[in-house]
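Read through the structure below, which is laid out as structure tokens, and then see the notes.
Each value in this text was obtained by applying a stated rule to the coordinates, not by laboratory testing. Every value quoted in this text rests on a predicted model; they were computed, and no experiment measured them. Cβ placement follows ideal geometry from the backbone for every residue including glycine, while neighbour counts extend to all protein chains displayed.
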Amino acid sequence: MKSIGKDLVHKIKNARLYGEKAHAVYSPPYRPILTYEEILDRNPRFASVNILLYFKDNEWFVPLILRSKNKKDKHSGQISLPGGSKDKEDADFKATAIRETTEEIGIDKHYIKVIRELSPFYVVPSNFYVKTFVSFTKKNPQFILQESEAVELIEFPVQKILELGEKPTQKVLPASRKQQVPVIEFNGYHIWGATSMILYEFSKLLKNM
């Protein structure tokens, strides 16, 4: 992945998706597997997240955010991808992903080029049905965090995504119901839940495109 060109975009765009098989590897043991009809019966909210590739110091990265602490946020204080709820004004889920990336980490929407969508994902604790997009920016990003949503930006190397294995580290975390859950450990951070599950599907895609 030395450069984002037409060939690499084409490979990412046409690579196989692994869906629930990939998500299950980093899934908490108590997460239920639901059909689309069962998810709709729960009247979920709809949202998008964005895996934004950018090049820095001869290496590719993806920005993650440490979420602000908020009693109303079931994922308060956890690490996530930029993203959020779909607004009525958003033309589609892709527009949501771009808008939320702009709002949360300050990347101008004109510099965000969406490549493709990954498998949809249901987040049980917050009742969100999430569409994940992969995008890139050729402009060296200057991050500006939305303080109400994010307190820290984590520059996560794509090389670390490529290294994710099928036997993740297990940890008991404050929000993991006193059970061991699969985690991605990076610089003292624990990335888990929906974010780790989405990143693992992206890892499988990159390794098999």
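Side notes on the structure shown:
- Cα point-scatterer Debye curve for region 106-209, base-10 log of I(q)/I(0) at q = 0.11, 0.17, 0.21 Å⁻¹: -0.42, -1.06, -1.50
- Over the Cα atoms of region 6-207, the radius of gyration divided by the Kirkwood radius equals 0.93; this is the Rg/Rh ratio.
- Approximate spin-label separation Asn140-Arg42, in nm, with each point projected 7 Å along Cα-to-Cβ: 4.3 nm
- Counted residue by residue at 0.36 nm each, then reduced by the alpha carbon distance between them, the extension gain from Ala91 to Lys207 reaches 38.5 nm.
- Counting Lys and Arg as +1 and Asp and Glu as -1 over every other residue whose Cβ lies under 15 Å from the Cβ of Val172, the net charge comes to +2.
- Report note on the peptides 88-98, 187-197: ranked by the mean count of other C-beta atoms within 10 Å, highest first, their order is 187-197, 88-98.
- Whole-Hz couplings from phi, Karplus 6.51/-1.76/1.60, listed for region 169-183; x for Gly and Pro: 4, 10, 9, 8, 10, x, 9, 9, 6, 6, 10, 6, 10, x, 9
- For region 188-208 versus region 71-131, the gap between their alpha-carbon centres in whole angstrom: 16 Å
- Taking the number of Cβ atoms within 10 Å of each Cβ as an exposure proxy, the fewest-first ranking of Ile144, Ile198, Ile115 is Ile144, Ile115, Ile198.
- Above-threshold pairs, the threshold being 25 Å between Cα atoms, out of Lys113/Lys167; Lys88/Lys131; Lys11/Lys139; Lys56/Lys171: Lys113/Lys167; Lys56/Lys171
- Phi angles of region 136-146 translate, via the Karplus equation with coefficients 6.51, -1.76, 1.60 and θ = phi - 60°, into HN-Hα couplings of 8, 10, 8, 7, 4, x, 10, 7, 10, 7, 7 Hz per residue; Gly and Pro are given as x.
- Other residues with beta-carbon under 12 Å from the beta-carbon of Tyr30 carry, at +1 per Lys or Arg and -1 per Asp or Glu, a net charge of +3.
- Length gained on full extension, Lys171 to Glu147: 5.8 nm, using 0.36 nm per residue less the C-alpha separation.
- Ordering Leu173, Phe121, Ser27 by Cα displacement along the dipole of region 6-207 toward the positive end leaves Ser27 in first place; charges were set at the Cβ atoms of Lys, Arg (+1) and Asp, Glu (-1).
- Mean sequence separation of contacting Cα pairs (under 8 Å, at least six apart), scaled by the length of region 6-207, corresponds to a relative contact order of 30 percent.
- Around the Cα centre of the chain, unit charges on the Cβ atoms of Lys, Arg, Asp and Glu (plus for the first two, minus for the last two) sum to a dipole of about 340 debye.
- Each helix, a run of at least 4 DSSP H residues, gives -39500 (n - 2.57); summed and divided by the residues of the chain, these come to -7000 deg cm²/dmol at 222 nm.
- In this structure, Arg16 and Lys113 have a Cβ-Cβ separation that, at R0 = 30 Å, corresponds to a calculated FRET efficiency of about 0.85.
- Formal net charge of residues neighbouring Leu81 (Cβ-Cβ distance under 10 Å; K, R +1; D, E -1): -2
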